[in-house]
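Taken together, the values in this text are just the output of simple stated rules run on the coordinates, not laboratory data. Model, not experiment: these values are computed from the prediction. Reconstructed Cβ throughout: ideal geometry from the backbone, glycine too, with neighbour counts over all protein chains shown.
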Amino acid sequence: MDFLYNAEFTESDLAFAEYSLSTLIDPYTTPEERKEDMDYLIKEFGMYDEQ
């Protein structure tokens, strides 16, 4: 989250990134939802999945 703040993303970018990251660790999130959130983070913020 600190990276997003320092990179001057918008408040809405920060909010959605925080939401997406929190759903990745939520035990009730389905694998499909996790993949969707990870795909969003990779696309929007240049994060790369190491798998």
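One chain, two ends: Thr29 and Leu14. Fully extended at 0.36 nm per residue, the span grows by 3.4 nm beyond their Cα-Cα distance.
The label-point distance for Glu44 and Ser22, in a model that sets each label 7 Å from Cα toward Cβ, rounds to 1.4 nm.
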